[in-house]
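S.K.: Starting off with a structure, shown below.
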Amino acid sequence: MKMKSRSLALLLMLVLSMILAACTSSNSDDDNVDENRRKTLTFGHSGVASSLDPAHMQEGDSFLVIANLFETLVNFGEQEATVVPGLAETWTSSDDGLTYTFKLRKDVKFHDETDFNADAVVKNFERWSEGNAKDFPYYQLAFDGFNNPVIKSVKADGEDTVIIELNYPQESFLKNLTMSPFSMVSPTSLELADVEADIEYIPVGTGPFKFVEGKLNETIIVVKFEEYWQEELPKLNKITFKSIPNDIARLNALMAKDIDLADHINPADRMEIVDDEELQFYERPFVANIYGDATVIPNDDSMPLVGATIELLDFVPQLTGFDVLSKVQFEIQVEEEK
């Protein structure tokens with residue numbers, strides 16, 4: 001009897017151990033389901049860029065990188081010209097259209113650990129308004145900043161409130177603020193730029209990715225910002241922006257899977273590979289004159305098509321032409337049976 005009892009006890013212990021091991025394995029699989037995903041993306045672009053400082057840039061390829069490093073107070077919806085929250089959670093405007101009050105998100109950090117707050121917003125506006133049309137062309141074009149300025153004053157009201165007063169109403173004021181040149185730059189990096197750093201090549205924003213290294217019109221590498229304020233984003237760990245100026249060479253690189261995403265795909269070239277099941281193509285939505293009475297209108301033909309490998313998921317081409325890649329991921333890779 002003792003032997004039978006002992007054997008039964010050992011059998012029960014073995015069964016329980018197997019159940020616990022199975023549960024642990026199941027939980028581990030659930031927790032680590034993303035481990036089988038690729039985490040690095042290579043973006044082939046046409047490679048015409050002159051700056052990584054959002055206030056100075058003028059070419060489209062600069063915007064491609066900047067949109068993933070920096071953020072603005074307000075944004076456009078992903079595929080519509082409706083203004084939605086950005087670094088500002090909410091805002092109100094006075095009845096006469098001359099005063100805008102923005103409530104900022106709390107607990108947001110710049111990539112250099114500087115706090116994002118109302119003072120940081122004020123310093124960015126001071127930088128633009130105290131400059132000139134040559135250095136800050138978009139501030140001039142969007143807000144007539146150096147002739148008959150739209151913006152009268154920008155003041156902090158505590159840590160998380162900014163009040164902007166206008167000299168005269170501007171219908172497109174909020175839409176203008178969605179433009180990448182009005183991204184928030186770390187005030188610490190602005191101070192260092194006058195002493196030892198060069199903001200052109202050490203861009204510091206609040207975006208989902210932070211700059212690591214690279215040269216304009218060659219290769220630029222950005223990595224996941226671990227303290228990004230949007231939970232569970234970005235999905236990728238690293239993006240390499242690779243300059244490939246020739247359209248055919250860029251498409252060939254996509255077909256060879258040397259890159260995962262490519263801009264400026266000529267629709268005529270796409271027809272040559274329409275049956276390629278390894279690729280997918282996106283048409284960018286277009287809304288005429290999305291900035292209303294603004295003087296700066298993007299060229300709707302600047303990015304006719306975007307091409308990607310079939311494994312790329314959750315890419316949403318935005319109507320501005322400059323895509324934030326924080327939600328992009330690759331499908332889970334399944335190991336082939338031997």
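The numbers here are math on the coordinates, done by the rules we state, and not lab data. Treat the numbers as computed from the prediction; the structure is a model and nothing was measured. For neighbour counting, all protein chains shown are included, and Cβ atoms are generated from backbone atoms with ideal geometry for every residue, glycine included.
S.K.: Note down the nm distance, to one decimal, between modelled labels 7 Å out along Cα→Cβ at Lys106 and at Ser93.
M.R.: Taking the two extended label points, one gets 2.8 nm.
S.K.: Taking the Cα centre of the range 40-330 as origin, work out the dipole magnitude from +1 charges on Lys and Arg Cβ and -1 charges on Asp and Glu Cβ, in debye rounded to 20. Don't skip to the answer; put the middle values down first.
M.R.: Details: 21 positive and 51 negative charges, 33 e Å.
That gives a dipole near 160 debye.
S.K.: Using the 2.2 N^0.38 Å rule of thumb for compact globular proteins, work out how the range 37-91 stacks up: its C-alpha Rg over that value, please. Don't skip to the end; give the middle numbers.
M.R.: Working: Rg = 13.8 Å, N = 55, 2.2 N^0.38 = 10.1 Å.
My calculation over the Cα atoms of the range 37-91 gives 1.37.
S.K.: Related question: Take the Cα of Glu331, step 7 Å along the line toward its Cβ, and report every residue of the range 243-278 whose backbone nitrogen sits under 12 Å from that point.
M.R.: 277-278
S.K.: Need the full-extension length gain, Ala133 to Ser50, defined as separation in residues times 0.36 nm minus the C-alpha distance. One decimal, nm.
M.R.: Full extension from Ala133 to Ser50 adds 28.2 nm.
S.K.: Each residue of the range 93-110 in turn: what ³J(HN,Hα) in whole Hz from Karplus with 6.51, -1.76, 1.60 and θ = phi - 60°, glycine and Pro shown as x?
M.R.: In residue order, the calculated couplings are 10, 6, 4, 8, x, 9, 10, 10, 10, 10, 9, 8, 5, 9, 6, 9, 10, 7 Hz.
S.K.: Sticking with the crude label model, points 7 Å out along Cα→Cβ, report the distance from Ala249 to Ser153 in nm, one decimal please.
M.R.: It works out to 5.4 nm between the two label points.
S.K.: Further question: Under the definition of Cα pairs under 8 Å and six or more residues apart, what whole-number percent is the relative contact order of the range 40-330?
M.R.: It comes to 25 percent, rounded to a whole number.
S.K.: Also, quick follow-up: So who's got an amide H within less than 5 Å of the one on Thr161, skipping anything under 5 residues away but keeping other chains? H placed 1.01 Å off N, in plane.
M.R.: Counting only residues 5 or more places away or on other chains, the set is Leu104, Ala118.
S.K.: In the calculated pair distance distribution of the range 40-330, what percentage of Cα-Cα distances lie above 23 Å?
M.R.: Percent of Cα pairs beyond 23 Å in the range 40-330: 54.
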